[in-house]
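Engineer: The structure's right below; bear with me while I get my questions together.
Only the coordinates and a few stated rules stand behind these numbers; no lab work does. None of the values given here were measured: they were computed from a predicted structure. Note that we place each Cβ from the backbone using ideal geometry, even for glycine, and neighbour counts take in every protein chain shown.
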Amino acid sequence: EKAPFDNVDFRRAIDAAVDKNAVVQVALNGQGSVSDSMLPECFPGVVTDGAPTYDPEKAKEYLAASGLSPADCTFSIICSDDTKLRAGQVIQSSLKENLGIDVTLEVITRLPSADTPPATYWLTAWAFTTPNPSTVPTRPV
């Protein structure tokens, strides 16, 4: 709902421009894997067919289709710890190198408050807490 993220081609450009394997290597010291879904591939019903892949040339095509210039697409990423900062640095580098988009990284060491500067993008963690994959819904309820 907020420009430039309200533009589907811009969002696709961002997705294709970020080297997610590099994020895993740098931020997680290689101790992880790229997920093309909200759930890991080990869960029943997860489909990754047609998932976006790292493709800088396709990212440039998407950005051109968005009608936006890189100067119109600057944004900030808030990073709340060292791991997220390293991930943010990879994202920042990928977007600059592949699309010419400038991204600023802001580090916060406390919970956000009314004084926290507004940001377009927050790097955060999400964990699924169900210990048994058989209890995860595999279709909309």
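Engineer: Between residue 33 and residue 53, what is the spin-label point distance in nm, taking each point 7 Å from the Cα along the Cα→C-beta axis?
Structural biologist: 1.7 nm
Engineer: In addition: What is the distance, in nm, between label points placed 7 Å from the Cα along the Cα-to-Cβ direction at residue 1 and at residue 21?
Structural biologist: Each label point lies 7 Å from its Cα, and together they span 3.8 nm.
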